Amino acid sequence: RGRGVEGGAAAQPFPLLVMPDRFQVAQLLREIGLLLQVQGGNPFKARAYERGARALEALNADLGTVVAQGRLTALPGVGKALAATIAEIHRTGRSEQLERLRRALPPGVLELADVPHLTIPRITTLHAALGISTLAQLKEAAEAGRLRALKGFGPKTEERILAGIRKAETQGEAVLLYKAAEEGERLLAHVRASPAVAKAELAGALRRRVEVVDRLVLAVATGDPAAAVAHVLRYPALVATVEHSLTGCVARLAGGLRVEAETAPPAGFACLLHDLTGSEGHRQRLAARARGLGLTLDRRCVMRGRRKLAVKTEADVYRHLGLPHIPPEQREDVGEVEAAEEGTLPADLVEEGDIAGLVHCHTVYSDGADTVEAMVRAAKAMGKRYITITDHSPTAHYAGGLALDRLKRQWEEIARVQEKVKGITILRGTESDILQDGRLDYPDAVLAQLDVVIASIHNRHRMDADQMTRRLVAAMRNPFFKVWGHGLGRYVLSRPPIECRVEEVLDAAAGSRVAVEVNGDPRRLDLEPRWQREARRRGLRFVISTDAHSTRALGNVRWGVAMARRGWVRKGEVLNTLPVEQFRRAVRPA
């Protein structure tokens, strides 16, 4: 399924002349899991096959060696039963379990089961009566009105099926940015491995670092587009092909994300990458500017009359339009083209390498997974010069918030770790709850002894806009409040922002010289970019944080930087780009 093969759900076993590689084995594991899911089996068992497929795709060793040495169960998520299936497929090119599932289900069931209102009995009827086993065949039959005559269908069901097909063709399942990036990086590695591909990059919303992504967009440079497209469609995680031409394709991953790949000759790659990256509004504004200059901005070139202008990089596209280069994160049609025309677009956006210290880090003292020492050593290994330990305050009892006696023990441990670990400074702080009336959750005498106070809302998110605005403005007036943590309390895709008059709160923050946190937790990514731009207009400074609850999550700084760049935040506006003593002075409670 999804590999340009008619009725591709029933892929053939691999020839025994060459043992299947890890990607081919992953392909069959994924098919087993999906067929189990469609059949209505144990969902945990079905997901285990997907985890096994991902483990194989991430494997850095030779699969044959791992199988021969009996080390498959050392892979994450691979138990004895799954290891036996992997070994069987690797040695024989087939799986008895998979063949039983294929025999029990109608051809094309994986592709067709994605369409709403298509149950397995209906798919069986479609195949028996009309020979339908692909989405394209189903669409053709529905548009011709041939479904309504079948038992169990009718005109309304036919129309609902057509609507489901159209939705599947135009929309993927939205996922968080970091999940899309993980999927995209695996897909990109597969595409770049083809001899037919000279260059490939991810574009679209993922490259712009939009918080929610529903498709992976690929720009591919190639002299053999048919071979390049065929290679894209052989990616093991693809489960359905929506469109397929000689120069591009649209397909869908097992998790629901769409994959859209387009090709261009190497000389046209920069134009293609540029066109596939910007938002629709950004592209339209550039096209209008090009027309005003007597140019044509084409997907694969910039033209003056019939003459192609030289475009080696995306910066050349903007140069021909008389504009400075606009980074991908700014291409959202929120005034960036006008700012570029006026010469006011920030040119020195913050970069990940600019971050000198990791801020907003939790440990086992509250709800973190790792010790103070582990977090400090991990930050040092990342090349950072300082780290703030900011566990929760007492009101956050559900997160193990620190009462005063435990806070004192934490300070003592920080001092011991600082003696052991040289080359990085540990700053002691808190993530203090903002209480219902705007007070901070520790006495002033305690707050005064900290290096940094991050103040956040963790409860009573449903207060109305008037109440929440008063709560936040009152908190801003506290002289010990220095960093506004995950300001609007959102969880992307699962919890909306709190209701408040954000501009009024930002005015209060500016009056109190409070810094705004850009939270790097990929589920939060708060404040969102539009409010960061409003904060910049008020001269506010920023802290790009990790909100890390483990050593691994210290890498969240990557997503915080991405959001800050979308908010047009410059390096000089970010406090934790400063050396440690300057940072300490900037955020010290007083």
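The values are calculated or read from the model by the stated rules, or taken from the named source; none is laboratory data. Fair warning: this is a prediction, and the values are worked out from it, not measured in the lab. Here the Cβ positions follow ideal geometry from the backbone for every residue, glycine too, while neighbour counts run over all protein chains shown. These accessible areas exclude ligands, DNA and RNA; they are computed on the full protein's heavy atoms, side chains included. Shrake-Rupley method; radii C 1.70, N 1.55, O 1.52, S 1.80 Å.
Other residues lying with their Cβ under 11 Å from the Cβ of Leu138 contribute a combined charge of -2, Lys and Arg counting +1, Asp and Glu -1. At the residue level, His127 shows approximately 70 square angstrom of accessible surface with a 1.4 angstrom probe and all protein chains present. Converting phi to 3J(HN,Hα) with the Karplus coefficients 6.51, -1.76 and 1.60 and the offset θ = phi - 60°, segment 305-313 yields x, 9, 9, 7, 8, 5, 9, 9, 9 Hz in sequence order, with x at every glycine or proline. Annotation: amide H-H contacts under 5 Å for Val217 (H modelled 1.01 Å from N, sequence separation of 5 or more, or interchain): Ala203, Leu206, Glu260. Residue-wise HN-Hα couplings along segment 436-449, as the Karplus relation 6.51 cos²θ - 1.76 cosθ + 1.60 with θ = phi - 60° gives them from phi, are 4, 9, x, 5, 9, 8, 4, x, 4, 5, 7, 4, 5, 8 Hz; Gly and Pro carry x. When the solvent-accessible area of segment 129-284 is split by element, carbon and sulfur atoms take up 52 percent of it, the probe being 1.4 Å.
Proximity of backbone amide H atoms, modeled 1.01 Å from N, is registered between Ile457 and Ile434 at under 5 Å, excluding neighbours fewer than 5 places apart on the same chain. The residues of segment 95-173 have, on average, 51 Å² of accessible surface per residue, using a 1.4 Å probe with all protein chains present. Placing a label point 7 Å from the Cα of Val212 along the Cα-to-Cβ direction, the residues of segment 484-506 whose backbone N falls under 19 Å of that point are 487-500. Please compute the net charge surrounding Leu293, taking Lys and Arg as +1 and Asp and Glu as -1 over other residues with Cβ under 15 Å from its Cβ. Residues close to Leu293 contribute a combined charge of +3.
For the pair segment 431-477 and segment 531-590, the centres of their Cα atoms are 19 angstrom apart. Label-to-label distance for Ala144 and Tyr398 is 5.6 nm, based on points extended 7 Å past Cα in the beta-carbon direction. Residues whose amide H lies under 5 Å from that of Thr425, counting only those 5 or more places away or on a different chain, are Tyr386, Ile387; hydrogens are built 1.01 Å from N in the peptide plane. Here the calculated FRET efficiency for Thr73 and Asp405, from their Cβ-Cβ distance with R0 = 51 Å, stands at 0.70, rounded to the nearest 0.05. Run the reach check for Lys156 against lysines, Cα to Cα strictly under 18 Å, same-chain hits fewer than 8 apart removed. What comes back? Reachable lysines: Lys139, Lys167. The Rg/Rh ratio of segment 291-418, with Rg taken over Cα atoms and Rh as the Kirkwood radius over Cα pairs, comes to 1.30.
A simple count of charges around Arg100, restricted to other residues whose Cβ falls under 14 Å of its Cβ and scoring Lys, Arg +1 and Asp, Glu -1, yields -1. Roughly how many percent of the accessible protein surface of segment 458-564 is carbon and sulfur, given a 1.4 Å probe and a whole-percent answer? The value for segment 458-564 is 42 percent carbon and sulfur by accessible area. Taken along the Cα-to-beta-carbon direction at a fixed 7 Å, the label points for Arg585 and Glu499 span 4.4 nm.
Too long at a 27 Å Cα-Cα cut-off: which of Lys420/Lys482; Lys408/Lys482; Lys380/Lys408; Lys179/Lys422? From the list (Lys420/Lys482; Lys408/Lys482; Lys380/Lys408; Lys179/Lys422), the Cα-Cα distance tops 27 Å for Lys420/Lys482; Lys179/Lys422. Extending 7 Å from the Cα toward the beta-carbon at both Arg537 and Ala267 defines two label points whose distance is 4.6 nm. Remark: segment 145-150, residue by residue, has Karplus-estimated 3J(HN,Hα) of x, 8, 7, 5, 7, 7 Hz, where x stands for each Gly or Pro and the curve is 6.51 cos²θ - 1.76 cosθ + 1.60 at θ = phi - 60°.
For a label point 7 Å from the Cα of Gln449 along Cα→C-beta, name the residues of segment 360-398 whose backbone N is under 18 Å from it. Once the point is set 7 Å along Cα→Cβ of Gln449, 365-366, 389-395 turn out to lie under 18 Å by backbone N, inside segment 360-398. A Förster radius of 45 Å combined with the Cβ-Cβ distance from Ala288 to Asp466 puts the calculated FRET efficiency at roughly 0.60. Counting DSSP beta bridges with both partners in the chain, what percentage is antiparallel, nearest 5? Bridges in the chain are about 45 percent antiparallel. Using the Cβ-Cβ distance between Asp348 and Leu59 with R0 set to 41 Å, the FRET efficiency works out to roughly 0.50. Across the alpha-carbon atoms of segment 363-505, the computed radius of gyration and Dmax are 16.1, 49 angstrom. Residues in segment 456-488, backbone N under 19 Å from the label point at Asp507 (7 Å along the Cα-to-beta-carbon vector): list them, ranges by number please. What the label zone holds, given the 19 Å backbone N cut-off, is 465-478. For the chain, dividing the convex hull volume of the Cα atoms by the residue count gives 189 Å³ per residue. Computed with every protein chain present, the accessible area of Leu295 is close to 10 Å² [probe 1.4 Å].
Against the chain, whose longest principal axis is taken from its Cα atoms, helix 177-192 shows a tilt of about 50°.
Working out 0.36 nm times the residue gap between Glu243 and Ala104, then minus their Cα-Cα distance, what length gain in nm do you get to one decimal? Extra length available between Glu243 and Ala104 comes to 47.2 nm. For the pair Lys167 and Arg319 in one chain, pulling the backbone fully straight at 0.36 nm per residue adds 50.9 nm over the alpha carbon distance. The heavy atoms of Met375 offer some 0 square angstrom of accessible surface to a 1.4 angstrom probe. Per-peptide packing, taken as the mean over residues of other Cβ atoms within 10 Å, places 331-341, 69-79 in the sequence 331-341, 69-79 from highest down. A full extension of the chain between Glu159 and Glu412 corresponds to an added length of 84.2 nm, given 0.36 nm per residue minus the alpha carbon distance.
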